[in-house]
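Where a number appears in this text, it was derived from the coordinates with a stated rule and is not lab data. Note that this is a predicted model, so its numbers are computed, not measured. Cβ atoms come from the backbone with ideal geometry, glycine included; neighbour counts cover every protein chain shown.
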Amino acid sequence: MTQSNKIIPLTLVIVLGILVQVLFVFADMQETPGKAAVQFAEAYYGFDQEGLADRLCESSMVVDDLNVVDQYIYDATQKAEARGYNLGIYVKNKLYQVETETLEESFDKATVRLTAERKSGLRTFFSKEDVHPVDATLDLVRENGKWKVCTDLLSFDDA
């Protein structure tokens with residue numbers, strides 16, 4: 001009889017733990033301006049054309065009948081080829097120690113400050129000095145239920 005009294009609380013704890021994990025998964029899937037800013041910056045420094053197009057707002061996508069994402073990737077490819085590389089592992093950068101701070105947020109607009117360090121994966125293996133700080137303030141808007149960055153893509157790195 002004492003055996004069945006121990007099984008019920010243990011079962012309740014396990015079921016409660018599973019429910020809490022499911023809640024955490026749904027909370028983590030929530031779309032936020034900070035996550036959108038990080039995804040945009042990772043796509044920008046990783047030269048991910050689809051990721052950039054997905055996170056850039058409609059008004060910033062085309063300027064003077066020019067698709068800025070295509071132009072950015074083209075310019076980066078030309079610079080890499082001029083240095084003797086392709087737009088692969090050596091040129092791409094990853095973000096480390098990423099922090100976001102939401103400065104302003106309303107239902108459909110937000111301003112997020114993103115700070116991080118960017119490093120080339122291959123170069124940091126040989127040299128620790130190749131660290132570039134990233135400090136940018138991004139304006140985001142909600143389009144079709146998704147947060148998107150509205151910034152001048154071709155001058156983002158200067159921010």
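If you compute Rg and Dmax of the Cα atoms in Å for the structure shown, which of (1) 21.5, 79; (2) 28.5, 92; (3) 15.6, 53 do you land on?
After the calculation, the listed value that fits is (1).
Can you give me the angle between helix 33-45 and the longest principal axis of the chain, using Cα atoms only, in degrees from 0 to 90, rounded to the nearest 10?
40
Can you give the net charge of the other residues whose Cβ lies under 12 Å from the Cβ of residue 101, counting K and R as +1 and D and E as -1?
Working: positive: 113; negative: 99, 104, 105, 135.
So the surrounding residues net to -3.
Build a GNM of the chain with springs between Cα atoms under 10 Å: which of 86, 144, 67 gets the top mean-square fluctuation?
The residue that fluctuates most here is 144.
For helix 2-28, report the angle its Cα long axis makes with the longest principal axis of the Cα atoms of the chain; keep it between 0 and 90° and round to the nearest 10°.
Helix 2-28 sits roughly 20 degrees off the main axis of the chain.
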